[in-house]
Amino acid sequence: MRRSVLVVEDDQDLSSLLEMVLADAGHRVRTAPDGRAALAAVAEEMPGVILLDMRMPVMNGWEFAREFRARYGRACPIVVVTAAENARLRAEEIGAEDWLAKPFDLDDVLYTVERQLAGGDEGGAPTRSLH
C-alpha cells in the first residue's frame, strides 16, 4: 500500500502544518505550492493520495485535476481541500474522491487520508454520500 501523500497547497503555513501532522502519523509527505509543481511531483512518483487546494496561483486545482486525469486517469484518489462555500460541489466538479472543507479538524484530515489509502470508493464519485 502506498503511504505517500502529496499536499498541493499555496498557503505555506497550512502546507507545513499538514506535512507535520501527516508525517507524525507515519505518512511520507511531499508538498507542492501549485498545480504545475504538483504535476512535476506526480511525474517523479505517484502518491497514494493527493490533498488538493482549489484556488492557487500558476495552475489552480481545476486545471491540475483536468491535466492529472488526462495523463493518469484515476491512478490515485484526489481529496479537495477548500475554503470555498461548498466543498462537496468543488469535489464533484473535478470528479474527486472526497473533500475537506476549510477550516477542518486535523483528525478529519487523518481519517480521510487513511480511508483513501485503504481504497476509498473505486467508483470515482466522492466517498461520502452526496445526497
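The values are calculated or read from the model by the stated rules, or taken from the named source; none is laboratory data. Remember, predicted model here, so these are calculated numbers, not experimental data. Note: ideal-geometry Cβ built from the backbone for every residue, glycine included; neighbour counts use all protein chains shown. Side chains are part of the model used for accessible areas, which takes the heavy atoms of the whole protein and leaves out ligands, DNA and RNA. Shrake-Rupley method; radii C 1.70, N 1.55, O 1.52, S 1.80 Å.
Just a few scattered comments:
- With respect to the conditions (1) open to solvent by 10 Å² or more (accessible area, probe 1.4 Å); (2) in a helix (DSSP H, G or I), PRO57 falls short on a single one, namely (2).
- Members of region 67-89 found to be outside any loop (DSSP other than H, G, I, E, B), farther than 16 Å from ALA38 by Cβ and either without any contact (Cβ under 8 Å) to a residue 40 or more places away in the chain or hydrophobic (A, V, I, L, M, F, W, C) (or both), listed by number: ALA87, LEU89
- Some residue of region 34-45 being open to solvent by 40 Å² or more (accessible area, probe 1.4 Å), among the basic types (Lys, Arg) and part of a strand (DSSP E or B): no
- Hits in region 90-99 - residues which are within 24 Å of ARG3 (Cβ to Cβ) and outside any strand (DSSP E or B): ALA91, ILE94, GLY95, ALA96, GLU97
- Selection status of MET59, in contact (Cβ under 8 Å) with a residue 24 or more places away in the chain and over 13 Å from the mean Cα position of the chain (by Cα): yes
- Subset of region 1-28 that is out of contact with any strand residue (DSSP E or B) (no Cβ under 7 Å at 6 or more places or on another chain) and not in a helix (DSSP H, G or I) - its residue that is most open to solvent (accessible area, probe 1.4 Å): MET1
- Tabulated pairs, region 23-48, first at pLDDT 95 or above and of a type in the set (S, T, N, Q), second part of a helix (DSSP H, G or I) and surrounded by 14 or more Cβ atoms within 10 Å (Cβ to Cβ), C-beta under 6 angstrom, 6+ apart or interchain: THR31/SER15; THR31/GLU19
- Condition met for PRO103 (assigned to a loop (DSSP other than H, G, I, E, B) and more than 14 Å from VAL8 (Cβ to Cβ)): yes
- Within region 65-86, the residues that satisfy the criterion of being touching a Lys or Arg at 6+ places or on another chain (Cβ under 8 Å) and not β-branched (Val, Ile, Thr) are CYS76, ALA83, ALA84.
- Residue that is nearest to GLU97 (Cα to Cα), among those in region 60-75 that are open to solvent by less than 10 Å² (accessible area, probe 1.4 Å) and in contact with an Asp or Glu (Cβ under 9 Å, 6 or more places away or on another chain): ALA65
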